[in-house]
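One structure is given here, and the rest of the page talks about it.
The values are calculated or read from the model by the stated rules, or taken from the named source; none is laboratory data. If you're wondering where the values come from, they're calculated on a predicted model, not measured in any experiment. FYI the Cβ positions are ideal-geometry reconstructions off the backbone, even for glycines, and counts take in every protein chain you see. In case anyone asks, the SASA skips ligands and DNA or RNA and just uses the protein heavy atoms, side chains included. Shrake-Rupley method; radii C 1.70, N 1.55, O 1.52, S 1.80 Å.
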Amino acid sequence: MNKIDKIFIDGNFYRNLENFLNEKFQNSKFFILVDENTIKKCLPELIFNIPLLNNAEIIEIESGEENKTLETCVQIWEFLSEMKADRNSILINLGGGVISDMGGFIACCFKRGIKFINIPTTLLAQVDASIGGKLGVDINNFKNIVGLFSFPEAVFINTEYLKTLPEKQLLSGFAEIIKYSLIDDDENLWQIVNSISLKNIIIDITRTEIIKKSIKIKNKIVSQDPKEKNLRKVLNFGHTIGHAFETFSLSHTKNHLLHGEAVAIGLICESYLSNIFAGLNNDNLNKIVKLISSVYDNYKIDEKDFDILLDIMTNDKKNIDDNINFTLISSIGKPIINQNIEKKYIIDSLKYYQNIIV
Ligand SMILES: NC(=O)c1ccc[n+]([C@@H]2O[C@H](COP(=O)([O-])OP(=O)(O)OC[C@H]3O[C@@H](n4cnc5c(N)ncnc54)[C@H](O)[C@@H]3O)[C@@H](O)[C@H]2O)c1
Ligand SMILES: [Zn+2]
């Protein structure tokens with residue numbers, strides 16, 4: 001399938017899901033992919049409310065980015081094979097972005113493709129990972145280096161699941177929401193994000209309205225350019241440098257950054273580059289930095305690590321030739337893609353981040 005299908009959010013979550021399954025997959029064999037957290041926090045309620053899933057085979061993996069690997073896929077493919085999964089089977093991905101990225105990939109490759117549904121249970125997966133059609137796994141800490149584009153049959157979002165999600169994970173998802181507010185101004189998301197009170201942040205950022213607006217922005221962009229030929233690159237704002245921090249923290253340190261935490265750093269550095277090269281004014285740069293540094297902990301980096309970060313950026317699959325390719329913003333909500341930036345300025349942006357966190 002090559003288009004974005006249905007996304008259901010809240011409302012009668014269980015009734016909608018049950019109707020959907022009954023209508024389309026009544027005679028299918030169900031497999032549900034979970035990790036040790038979603039098996040406890042989300043699966044019991046799901047099965048209790050949807051009797052059709054009583055006989056589903058549960059596939060449990062260990063949570064964490066370090067398990068988003070081909071080795072895990074092979075184990076699951078073997079299991080699916082033993083359980084006689086066929087083209088009529090359906091995989092339900094119940095979890096965060098690790099589950100939906102890898103589960104979708106597993107489904108698409110098994111017997112040349114079985115159908116899958118995403119039920120994202122983290123804020124990051126609800127606003128981002130589960131809805132863009134990008135699927136894949138990591139190799140040797142290189143993120144998403146093997147994968148493909150394919151869309152689920154449907155995405156079912158239940159914001160109630162966020163109630164058990166740790167605060168750090170919620171804030172990780174919020175970084176993607178900040179990103180949407182910076183690359184699109186149709187939904188007024190920047191004003192909304194700035195009106196959130198830090199005291200109430202956890203309640204505020206899980207509001208259905210904010211999640212819906214974020215999905216609307218991502219969906220609008222992805223539906224115009226599903227395979228990232230052009231427009232979709234706007235979604236990479238904050239991610240060129242963000243991914244480098246994420247990979248670096250996984251491969252070179254014990255202090256692993258969550259995806260969104262790394263993106264938050266990337267948003268600061270790439271807003272700095274936007275200020276130098278794309279016309280983002282000082283006032284808006286300062287507002288972005290103020291918002292992000294009031295929400296996220298500082299991440300210390302050493303100047304000796306700059307070269308490693310640059311090396312990781314050079315290896316990024318989004319680059320063409322040896323240039324480092326960026327999406328920048330010319331003002332809030334106005335992205336520009338395909339900006340090639342020289343390495344010395346990238347280092348300046350890292351120094352800028354280093355200076356604002358001291
Ligand atoms: N495909 C895309 O477009 C896309 C976009 C952004 C991120 N990603 C990928 O998503 C992944 C990160 O996703 P994530 O942040 O959701 O991480 P994750 O899947 O690792 O989940 C984070 C943690 O939360 C736990 N958890 C999940 N739901 C819970 C719940 N309701 N209550 C309590 N605990 C719960 C998980 O077990 C895990 O420990 C990365 O691999 C990243 O590359 C993909
Ligand atoms: Zn991201």
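Mind telling me which of the residues 223, 249, 197 ends up being more than 15 Å from the chain's Cα centre (by Cα) and within 22 Å of residue 325 (Cα to Cα)? Break it down into steps so the answer makes sense when it comes.
Values: 223 fails: within 22 Å of residue 325 (Cα to Cα); 197 fails: within 22 Å of residue 325 (Cα to Cα).
Sole residue among the options that is more than 15 Å from the chain's Cα centre (by Cα) and within 22 Å of residue 325 (Cα to Cα): 249.
Looking only at residues that are hydrophobic (A, V, I, L, M, F, W, C) and open to solvent by 10 Å² or more (accessible area, probe 1.4 Å) in the stretch 81-104, which one is farthest from residue 171 (Cα to Cα)?
Within the stretch 81-104, the subset hydrophobic (A, V, I, L, M, F, W, C) is 83, 85, 90-92, 94, 98-99, 102.
Next, from what is left, pick out any that are open to solvent by 10 Å² or more (accessible area, probe 1.4 Å): 83, 98.
On the way: 83: 38, 98: 17 Å.
Taking the candidates together, the pick is 83.
Can you tell me which residue within the stretch 135-145, out of those that are surrounded by 16 or more Cβ atoms within 10 Å (Cβ to Cβ) and not polar (S, T, N, Q), is modelled with the lowest pLDDT? If you could, list the steps in order and put the result at the bottom.
So in the stretch 135-145, the residues surrounded by 16 or more Cβ atoms within 10 Å (Cβ to Cβ) come out as 135-138, 141-144.
Pick out the ones that are also not polar (S, T, N, Q) and you get 135-138, 142-143.
On the way: 135: 98, 136: 98, 137: 97, 138: 93, 142: 80, 143: 83.
My answer is 142.
So if I check each of 234, 193, 222, which one is over 18 Å from residue 265 (Cα atoms) and open to solvent by less than 20 Å² (accessible area, probe 1.4 Å)? I'd like the intermediate steps shown before the answer.
Working: 234 fails: over 18 Å from residue 265 (Cα atoms); 193 fails: over 18 Å from residue 265 (Cα atoms).
After applying the criteria, what remains is 222.
Quick test of your reading of the structure: residue 32 fulfils all but one of (1) open to solvent by 10 Å² or more (accessible area, probe 1.4 Å); (2) over 27 Å from residue 220 (Cβ atoms); (3) within 14 Å of ligand 1 (Cβ to nearest atom). Name the failing condition by number.
(1)
Counting just the residues of the stretch 112-134 that are buried (at least 18 other Cβ atoms within 10 Å of the Cβ) and part of a loop (DSSP other than H, G, I, E, B), which one comes out modelled with the lowest pLDDT? Steps first, answer last, please.
Going residue by residue through the stretch 112-134, those that are buried (at least 18 other Cβ atoms within 10 Å of the Cβ) are 114-134.
From what is left, the residues that are part of a loop (DSSP other than H, G, I, E, B) are 114, 121-122, 130-133.
Details: 114: 97, 121: 98, 122: 98, 130: 97, 131: 94, 132: 91, 133: 94.
So, considering only residues that are buried (at least 18 other Cβ atoms within 10 Å of the Cβ) and part of a loop (DSSP other than H, G, I, E, B), the one modelled with the lowest pLDDT is 132.
Does residue 280 fit the bill of being out of contact with any Phe, Trp or Tyr (no Cβ under 8 Å at 6 or more places or on another chain) and either open to solvent by less than 50 Å² (accessible area, probe 1.4 Å) or more than 13 Å from ligand 1 (Cβ to nearest atom) (or both)? Please lay out each step first, then the result.
Working: out of contact with any Phe, Trp or Tyr (no Cβ under 8 Å at 6 or more places or on another chain): yes; either open to solvent by less than 50 Å² (accessible area, probe 1.4 Å) or more than 13 Å from ligand 1 (Cβ to nearest atom) (or both): yes.
In short, yes.
Take the residues of the stretch 42-68 that are crowded, with 16+ Cβ neighbours inside 10 Å and in contact (Cβ under 8 Å) with a residue 60 or more places away in the chain: which is nearest to residue 259 (Cα to Cα)?
Here the residue is 65.
Counting just the residues of the stretch 158-167 that are part of a loop (DSSP other than H, G, I, E, B) and under 20 Å from residue 7 (Cβ atoms), which one comes out least open to solvent (accessible area, probe 1.4 Å)? Outline the logic, then answer.
Residues of the stretch 158-167 that are part of a loop (DSSP other than H, G, I, E, B), as a first pass: 158, 165-166.
Retained after the next criterion (residues that are under 20 Å from residue 7 (Cβ atoms)): 158, 165.
Details: 158: 9, 165: 29 Å².
Among residues in the stretch 158-167 that are part of a loop (DSSP other than H, G, I, E, B) and under 20 Å from residue 7 (Cβ atoms), the one least open to solvent (accessible area, probe 1.4 Å) is 158.
So, in the stretch 263-285, exactly how many residues are in contact (Cβ under 8 Å) with a residue 60 or more places away in the chain and in contact with a helix residue (DSSP H, G or I) (Cβ under 7 Å, 6 or more places away or on another chain)?
11
Among the residues of the stretch 98-151, how many are more than 20 Å from residue 250 (Cα to Cα), β-branched (Val, Ile, Thr) and away from ligand 2 (no atom under 16 Å from the Cβ)?
Within the stretch 98-151, residues that are more than 20 Å from residue 250 (Cα to Cα), β-branched (Val, Ile, Thr) and away from ligand 2 (no atom under 16 Å from the Cβ) number 5.
With respect to residue 268, is the statement that it is more than 15 Å from the chain's Cα centre (by Cα) and either under 26 Å from residue 131 (Cα atoms) or at pLDDT 95 or above (or both) true?
Judged against the criteria, residue 268 is a match.
Quick check on residue 260: is it crowded, with 23+ Cβ neighbours inside 10 Å and either within 16 Å of ligand 1 (Cβ to nearest atom) or outside any helix (DSSP H, G or I) (or both)? Before you say what the answer is, go through the steps one by one.
On the way: crowded, with 23+ Cβ neighbours inside 10 Å: yes; either within 16 Å of ligand 1 (Cβ to nearest atom) or outside any helix (DSSP H, G or I) (or both): yes.
Considered against the rule, which asks whether it is crowded, with 23+ Cβ neighbours inside 10 Å and either within 16 Å of ligand 1 (Cβ to nearest atom) or outside any helix (DSSP H, G or I) (or both), residue 260 comes out as yes.
For the stretch 168-249, which fully contained helices (runs of 4 or more DSSP H) count at least 3 residues that are over 17 Å from residue 291 (Cα atoms) and more than 16 Å from ligand 1 (Cβ to nearest atom)? Explain how you work it out, then say what you get.
Details: elements: 189-194, 201-205, 208-224.
Hits in the stretch 168-249: 208-224.
Table: residues versus (1) of a type in the set (Ser, Thr, Tyr); (2) closer than 16 Å to residue 131 by Cβ; (3) without any contact (Cβ under 8 Å) to a residue 12 or more places away in the chain.
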{"site": "167", "(1), (2), (3)": "no, no, no"}
{"site": "176", "(1), (2), (3)": "no, yes, no"}
{"site": "185", "(1), (2), (3)": "no, no, no"}
{"site": "191", "(1), (2), (3)": "no, no, yes"}
{"site": "201", "(1), (2), (3)": "no, no, no"}
{"site": "211", "(1), (2), (3)": "no, yes, no"}
{"site": "217", "(1), (2), (3)": "no, yes, no"}
{"site": "235", "(1), (2), (3)": "no, yes, no"}
{"site": "238", "(1), (2), (3)": "no, no, no"}
